[in-house]
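Input: a single structure, listed below in structure tokens.
The values are calculated or read from the model by the stated rules, or taken from the named source; none is laboratory data. The structure displayed is predicted, hence computed values, not measured ones. Cβ: placed from backbone, ideal geometry, glycine included. Neighbour counts: every protein chain shown. Remember, those area values only see protein heavy atoms, side chains included, never the ligands or the DNA or RNA. Shrake-Rupley method; radii C 1.70, N 1.55, O 1.52, S 1.80 Å.
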Amino acid sequence: PVMATLIAMSIVWEFMLHPQFGLVNGLLHSVGIEGYSWLQDRRTSLYALCVIGVWQALGFNMVLFLAGLVSIPRQLYDAAEIDGAHGAWARFRLVTWPMLGPTTVFVVVITGIRSFQVFDTVAVTTAGGPANATNVLQYYIYGSAFGRFQFGYASAMSVALLVVLSAITVLQYRLTRAGRTDLG
């Protein structure tokens, strides 16, 4: 999912979630559960887009956490075991999780920023519908500028989004700096 384009993956998911011949409804039907119109119902369309977004980001986030896990020095686990952390849960709680703190903050912030930037999936699968249920900020800005020709309004929303994302980035930077000073 990380290497494929968002548009291609959105088309694949659109077919998988199709109400009549989609893979998801086919699997549900095989176990006796009635299929559903995932992207056509305003109650479930945003949740379906969330699942698609999580799936698309999962591989990238796994690589980041794997890099964080590999960078934990083995000596910390040995020291924790000498100090009485004999079980796997104790070593995870006392060594692994605290050492993954900066990685976790980075993943949470990057994922949060990406959630503000959702556009391709919405444009391909739902076009903001049904009944504006999936009209996310980026798609709304696009519709304002190129659908209703309100370029000033769309520009103002883009600048406001830039300010919000900059504030999130500064917060992430401060949290990771605080995490580094606490660890050593």
Practice problem: Could you tell me which of the residues Leu66, Leu100, Leu76 is modelled with pLDDT of 95 or more and aliphatic (A, V, I, L, M)? | Solution: Leu66
Practice problem: Test Thr125 against the stated conditions and say whether it is hydroxyl-bearing (Ser, Thr, Tyr) and within 29 Å of Trp38 (Cβ to Cβ). | Solution: yes
Quiz item: Has segment 60-75 got at least one residue that is free of Cβ contacts under 8 Å to residues at least 40 places away in the same chain, over 15 Å from Val118 (Cβ atoms) and among the basic types (Lys, Arg)?
Solution: yes
Self-check item: Of the criteria (1) over 30 Å from Pro130 (Cβ atoms); (2) open to solvent by 70 Å² or more (accessible area, probe 1.4 Å); (3) within 16 Å of the chain's Cα centre (by Cα); (4) of a type in the set (S, T, N, Q), which one Gln117 fails
Solution: (1)
Quiz item: in contact with a helix residue (DSSP H, G or I) (Cβ under 8 Å, 6 or more places away or on another chain) and in a helix (DSSP H, G or I): does that describe Arg114?
Solution: yes
Exercise. Could you grab me the full set of residues in segment 92-107 that are open to solvent by 60 Å² or more (accessible area, probe 1.4 Å) and free of Cβ contacts under 8 Å to residues at least 24 places away in the same chain?
Key: Phe92, Arg93, Leu94, Trp97
Quiz item: Would you say Tyr153 is in contact with a Lys or Arg (Cβ under 8 Å, 6 or more places away or on another chain), more than 26 Å from Ala57 (Cα to Cα) and of a type outside the set (Lys, Arg)?
Solution: no
Quiz item: What residue, among those in segment 124-158 that are assigned to a helix (DSSP H, G or I) and in contact (Cβ under 8 Å) with a residue 40 or more places away in the chain, is surrounded by the fewest Cβ atoms within 10 Å (Cβ to Cβ)?
Solution: Val124
Quiz item: Do we find a residue being among the β-branched types (Val, Ile, Thr), under 30 Å from Ser166 (Cβ atoms), within 17 Å of the chain's Cα centre (by Cα) and open to solvent by less than 50 Å² (accessible area, probe 1.4 Å) anywhere in segment 63-73?
Solution: no
Quiz item: Are any residues in segment 13-36 modelled with pLDDT of 90 or more and surrounded by 15 or more Cβ atoms within 10 Å (Cβ to Cβ), and if so, which ones?
Solution: Trp13, Glu14, Met16, Leu17, His18, Gly22, Val24, Asn25
